[in-house]
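The next block holds one structure in the form of structure tokens; read it before the comments.
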Amino acid sequence: MAASASSTSLKPSTPSTTISGLRRRPLSTTFGVTTLSFRRLHRDQLCRFVVLSMDAKPTILVAEKLGEAGVKLLKEFANVDCSYNLSPEELCTKISLCDALIVRSGTKVSREVFESSAGRLKVVGRAGVGIDNVDLAAATEHGCLVVNAPTANTVAAAEHGIALLTAMARNIAQADASVKADASASVKNFSSMKSSCLPLHEIFVNFYSKWLRSKYVGVSLVGKTLAVLGFGKVGSEVARRAKGLGMHVIAHDPYAPADRARAIGVELVSFDEAIASADFISLHMPLTASTSKVLNDETFAKMKKGVRIVNVARGGVIDEEALVKALDAGIVAQAALDVFTVEPPAKDSKLVQHENVTATPHLGASTMEAQEGVAIEIAEAVVGALKGELAATAVNAPMVPAQVLTELKPFVALSEKLGRLAVQLVAGGTGVKTVKVTYASARAPDDLDTRLLRAMITKGLIEPISSVFVNLVNADFTAKQRGLRITEERVFLDGSPESPLELIQVQIANVESKFASAISDSGEIKVEGRVKDGIPHLTRVGSFEVDVSLEGSLILCRQVDQPGMIGKVGSILAEDNVNVSFMSVGRIAPRKQAVMAIGVDEEPSKQSLKKIGEIPAVEEFVYLKL
């Protein structure tokens with residue numbers, strides 16, 4: 001049978017009623033009514049019945065185990081249904097009667113779940129950080145806010161990182177397994193040894209013959225260099241604790257402010273410097289397109305022989321096959337891993353079974369205190385969202401009025417891409433703190449709401465180097481939390497106000513650039529863009545004017561302006577089967593310096609990029625992912 005549901009609120013004319021077969025019972029003065037209609041698919045017959053709920057509280061479905069403190073908070077505001085281990089079909093059946101859903105990582109909140117809710121589901125709460133199990137696009141399409149709990153497990157994850165660091169350095173896991181395995185085997189033979197003619201001292205020598213003290217000699221942490229890759233909440237807490245253990249701590253994070261690092265005695269360095277000088281490496285970076293398999297054959301080759309690696313972040317940031325090879329070759333002496341590309345990993349995983357690997361089953365947030373903290377954090381976020389409050393931990397964009405979105409849509413895309421371009425031009429080791437956004441428009445300030453555009457610029461600046469999801473709800477909060485100050489300036493232009501904007505310019509001050517030509521005459525990284533025929537275009541880099549569509553990805557080259565340059569670069573890309581979508585050259589004057597902007601549909605190989613850099617007339621270049 002097919003079903004549809006509608007809901008309303010009624011006030012009965014009398015304080016009591018009679019239902020056939022039941023004794024008279026008083027009803028509350030206001031109660032919810034849900035009407036379910038069922039139509040038989042083989043007949044044109046309609047059956048209808050009414051379910052009366054005794055109050056108008058929202059209903060929250062808790063689909064996975066949640067700490068009692070969190071459940072208590074939920075029950076003070078709503079009806080709470082704790083139903084665990086639901087199948088996908090059972091979840092879809094229940095969800096049409098729920099206003100909010102709370103899950104951990106084990107429940108898939110798919111498009112089918114949102115469709116089955118028939119518009120009633122208003123909030124999905126993820127008790128934890130990652131939201132890989134929630135279909136964000138479907139949630140946004142159905143007007144459902146998704147919130148997470150990103151802060152409560154920070155200390156737990158940092159403590160687990162330190163625990164793995166020290167356990168790895170002293171071979172704790174391997175030594176423990178050896179002692180237990182040897183003792184177990186020896187006990188079985190002890191009775192037979194007692195009945196033998198061996199002297200008592202020889203029996204004990206045989207009993208403890210595999211007491212392998214010399215095999216499990218460890219290394220000290222004092223005076224060693226720890227490189228923290230990713231200096232966010234967890235990374236900075238690991239750094240604090242490592243300093244207390246007497247370690248020299250350096251860090252790489254393209255976004256972290258240098259003064260915050262200095263405050264705890266940590267030096268921010270480039271990625272290559274971090275991995276080349278470290279005795280220990282602790283990973284705390286999010287899994288993004290730019291960090292996927294960031295530790296690979298090439299980066300392992302740059303490390304000190306005998307380096308030790310800890311990962312309590314995301315499994316995908318390490319190329320696991322490359323790590324096995326590095327362990328076998330002795331480049332990496334040991335690894336301690338709490339996360340894996342596929343979880344749980346295969347039973348015959350060479351990485352997990354490697355004798356120099358310490359493995360734990362994703363225990364980073366698994367302390368009693370962290371679990372209670374996560375429960376409270378997600379309960380407060382869900383209740384607040386149901387009350388209509390703005391959620392600072394929202395991870396998907398709220399609904400925007402259709403007419404506003406239609407008009408601003410191409411500028412929204414332009415804003416995010418300008419932010420992404422600008423932050424990728426920042427050299428490692430320098431933190432982004434001051435950003436200036438300039439809007440040029442013929443419209444009066446009251447006719448141009450730039451909050452959505454500012455949020456998308458913030459999204460572009462932060463998301464490529466962070467696990468945070470930025471939208472209109474949390475953009476300003478996220479920027480402030482990271483010490484990022486964004487100022488806006490509006491330039492009024494004469495002309496028709498038909499188009500909301502003429503151009504958007506993004507400047508990042510007080511940073512070094514990996515592409516020197518992006519630095520303007522006033523010393524800031526500067527990128528500028530316009531919308532042409534509904535498509536975002538990059539129109540300025542530093543002091544150079546260009547004109548390239550912001551589709552696919554982008555190569556910027558500074559060169560000596562001379563004949564044949566476009567052909568040389570195009571030929572290299574063609575040999576690599578990389579399609580060029582747009583190409584534009586901006587120059588100071590003929591035969592002087594010029595900047596060539598090349599839009600590409602595919603990512604060029606490292607060999608092709610190297611060949612471009614080896615062209616004599618090319619002075620610098622950079623590849624940017626949009």
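The values are calculated or read from the model by the stated rules, or taken from the named source; none is laboratory data. These numbers come from a predicted model, not from an experiment. Note that we place each Cβ from the backbone using ideal geometry, even for glycine, and neighbour counts take in every protein chain shown.
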_Selection count, the stretch 220-230, where residues are out of contact with any Gly (no Cβ under 9 Å at 6 or more places or on another chain) and assigned to a loop (DSSP other than H, G, I, E, B)_ = 1
*Within the stretch 62-79, count every residue that is crowded, with 22+ Cβ neighbours inside 10 Å and either hydrophobic (A, V, I, L, M, F, W, C) or free of Cβ contacts under 8 Å to residues at least 60 places away in the same chain (or both).*
4
_Among the residues of the stretch 552-581, what is the count of those that are crowded, with 19+ Cβ neighbours inside 10 Å and either part of a strand (DSSP E or B) or among the aromatic types (Phe, Trp, Tyr) (or both)?_
6
*Just need a number here: residues in the stretch 231-267 that are closer than 24 Å to Ala509 by Cβ, modelled with pLDDT of 90 or more and assigned to a loop (DSSP other than H, G, I, E, B).*
3
*asked:* Take Ala518 and tell me if it is buried (at least 20 other Cβ atoms within 10 Å of the Cβ) and without any contact (Cβ under 8 Å) to a residue 24 or more places away in the chain.
replied: no
*Given the structure, is Ser292 part of a loop (DSSP other than H, G, I, E, B), over 17 Å from the mean Cα position of the chain (by Cα) and among the polar types (S, T, N, Q)?*
no
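So that you can scan it fast, the table gives a plain yes or no per residue for (1) assigned to a helix (DSSP H, G or I); (2) among the aromatic types (Phe, Trp, Tyr); (3) under 25 Å from Ala152 (Cα atoms):
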position: Lys57; (1), (2), (3): no, no, no
position: Leu66; (1), (2), (3): no, no, yes
position: Val71; (1), (2), (3): yes, no, yes
position: Asn85; (1), (2), (3): no, no, yes
position: Glu90; (1), (2), (3): yes, no, no
position: Cys98; (1), (2), (3): no, no, no
position: Ser105; (1), (2), (3): no, no, yes
_For the stretch 517-542, give me each residue that is out of contact with any helix residue (DSSP H, G or I) (no Cβ under 6 Å at 6 or more places or on another chain) and closer than 18 Å to Val618 by Cα._
Ser517, Ala518, Ile519
*Kindly list, by first and then second residue, each pair from a residue in the stretch 558-575 that is among the acidic types (Asp, Glu) to a residue that is surrounded by fewer than 18 Cβ atoms within 10 Å (Cβ to Cβ), limited to pairs with Cβ atoms under 9 Å and residues at least 6 apart or on different chains.*
Asp561/Arg587; Asp561/Ile588; Asp561/Ala589; Asp561/Pro590; Asp561/Arg591; Asp561/Lys592; Asp561/Gln593; Asp561/Ala617
*In this structure, is Ala138 within 30 Å of Val310 (Cα to Cα), touching a helix residue (DSSP H, G or I) at 6+ places or on another chain (Cβ under 8 Å), part of a helix (DSSP H, G or I) and of a type in the set (Gly, Ala, Ser)?*
no
*Would you please name the residue that is nearest to Gly364 (Cα to Cα), looking only at residues in the stretch 108-127 that are surrounded by 22 or more Cβ atoms within 10 Å (Cβ to Cβ) and out of contact with any Cys (no Cβ under 8 Å at 6 or more places or on another chain)?*
Ala127
